[in-house]
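Every number here is computed from the coordinates shown, using simple stated rules; none is lab data. From a predicted model like this one, the values you see are computed outputs, not experimental measurements. Virtual Cβ from ideal backbone geometry, glycine too; neighbours counted across all protein chains shown.
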Amino acid sequence: MNRGSLRALLRLLAVQGAWSYERMTGIGMGYAAEPLLEDLQASDPARHAAAAVRSAGFFNSHPYLAGIALGALVRAEYDQVPANQLERLRAALPSPLGALGDQLFWVGLVPSVMSLIMLGLAAGVGWWVLPAGLLGFNLFRIATGVWGLHTGLRSGAQVGAAIGDSWLPRWTPRFGRMALLLVGAALPVVAAVELGGATTVARWTAGASGLAVLGLSWRLETRFSPLRLSVLALMMAIVLVGVWP
Amino acid sequence: MPVILHRIDDRMVHGQVVVGWGQPLAVGFIVLVDDTVAVNQWEQDLYRMGVPTEIQLYFATVEEAARDAARWREDPRNGIVLMGDVRTMDAYCRLALPVARVNLGGIHQKPGRTQRVPYVFLSPDEFAVLEGLAARGSIVTAQDLPSSVPIPLESLR
């Protein structure tokens with residue numbers, strides 16, 4: 001990774017720092033693009049000036065996947081892609097990046113990590129599961145950011161095909177299902193522990209009931225939402241803990 | 001129940017549309033009306049990635065949209081007709097059947113526009129076009145999400 005990419009990645013960590021309704025994450029994107037556009041400044045100052053202005057325009061996508069768009073748009077500037085096509089690309093990228101990012105991180109990874117932490121604490125593994133979970137989440141986030149920036153820089157205006165062929169659309173739904181299972185397992189177990197007096201058998205039976213319900217939903221793709229299923233699993237756990245001696 | 005939302009949003013297909021409106025309204029299809037996207041495969045591929053498989057995404061030019069409007073309105077699924085700017089909505093409303101309600105969901109800053117509510121920026125020309133829509137019988141309101149209160153066009157002056 002060259003120095004420009006590293007600086008861009010670091011700046012992407014604060015891509016929402018200047019968020020506003022006027023440009024959303026546009027200013028953050030412009031700030032992150034600046035180190036990547038330095039070579040253009042030397043070779044084509046006029047194009048660089050226009051690119052710098054464009055890079056700070058209105059933009060809105062998932063912050064953790066913004067690097068894909070940043071890399072693609074910068075590469076397209078170096079490739080002399082016409083300005084109107086750049087604008088179209090800039091307008092179209094937020095849709096898949098927002099949707100995939102929301103599903104991957106907010107629907108999939110965050111609830112999964114939280115559930116693992118809760119399960120670890122409930123099982124008495126120790127307090128270290130909390131920093132370990134946070135560390136794991138952030139390592140994944142940063143690795144995704146590095147991959148995203150490189151994918152964008154490599155593909156430029158062909159970024160749509162690059163995203164479509166990558167692991168991202170294939171694995172994102174699996175993260176959601178993983179979250180379903182883990183939330184379903186964690187809620188009843190934690191509830192059983194918090195209710196107190198529950199035997200180990202009751203705890204794990206409660207957890208297994210949650211897993212079974214959510215596993216069924218995964219298999220059959222029922223119309224029940226994850227939240228409803230989790231609440232159902234929680235209720236089952238309370239009943240189980242209540243009746244188990 | 002046919003098309004339940006005619007929306008102007010320059011972000012086109014995105015989370016607020018797909019999740020914010022799509023889930024509570026149990027939307028089965030979205031029509032993205034844009035003359036450029038309708039003939040541009042790579043843009044369509046990108047937008048498709050932002051929509052879950054249970055929602056059908058169609059692309060249409062203004063002319064095609066006006067031609068198919070009656071069919072969408074008879075579709076048993078709930079639908080959203082989505083456009084990126086005021087002029088496209090105006091052109092659609094002139095060609096298609098009357099649109100009862102026009103939703104301003106997200107029109108963002110560009111030179112010449114001023115902020116009317118946090119998520120709607122309009123130029124004087126665009127405002128005049130919306131006034132024309134209202135004069136022809138459409139109820140024009142700004143509302144980003146179903147849970148927020150619709151703001152009448154008059155309050156955006």
Can you say what percent of the DSSP beta bridges in the protein assembly as shown, counting only those with both residues inside, are antiparallel? Round to 5. 20 percent
What FRET efficiency would be calculated for the residue pair A:Q80, B:V39, taking the C-beta separation as r and a Förster radius of 30 Å, to the nearest 0.05? 0.85
Full-stretch length increase - B:R77, B:R157 - with 0.36 nm per residue and alpha-carbon distance subtracted: 25.3 nm
For helix B:62-73, what angle does its Cα long axis make with the longest principal axis of chain B, in degrees from 0 to 90 and rounded to 10? 70 degrees
What FRET efficiency comes out for the pair B:S147/A:Q41, r = Cβ-Cβ distance, R0 = 35 Å, nearest 0.05? 0.15
Residues B:D85 and B:L25, FRET efficiency given R0 of 22 Å [Cβ-Cβ distance, rounded to 0.05]: 0.45
Proxy reagent accessibility, fewest Cβ within 10 Å first, across A:S112, A:S43, B:S138: A:S43, B:S138, A:S112
Relative exposure of B:D144, A:D165, B:D85, judged by other C-beta atoms within 10 Å (fewest first): A:D165, B:D85, B:D144
Provide B:R73, B:R11, A:R3 in ascending order of the number of other Cβ atoms located within 10 Å of each residue's Cβ, fewest first. A:R3, B:R73, B:R11
Can you tell me, using C-alpha contacts under 8 Å and at least 6 residues apart, the relative contact order of chain B as a whole percent? 29 percent
Test of understanding: given chain B, find the longest segment containing no GluC sites (Glu not before Pro) that are in a DSSP loop and have at most 16 other Cβ atoms within 10 Å. B:75-157
Averaged over peptide A:8-21, how many Cβ atoms belonging to another chain are found within 10 Å of each residue's Cβ? 1
On a 0 to 90 degree scale, rounded to 10, what angle separates helix B:124-135 from the longest Cα axis of chain B? 70 degrees
Suppose each label sits 7 Å from its Cα in the direction of the beta carbon; what would the A:R170-B:A128 distance come out to in nanometres? 5.5 nm
Shielding by partners, peptide B:15-23 (average Cβ within 10 angstrom, other chains): 3
Taking the dipole about the Cα centre of the stretch B:7-156, with the C-beta of Lys and Arg at +1 and of Asp and Glu at -1, give me whichever of B:A135, B:W42, B:A69 is farthest to the positive side. B:A135
The stretch A:79-190: relative contact order in percent, alpha carbon pairs under 8 Å with at least 6 residues between: 49 percent
Classify the protein assembly as shown from the C-alpha gyration tensor, please: rounded if a/c falls under 1.5, else prolate or oblate depending on whether a/b exceeds b/c. oblate
The stretch B:7-156 - share of DSSP beta bridges that are antiparallel (%, nearest 5): 20 percent
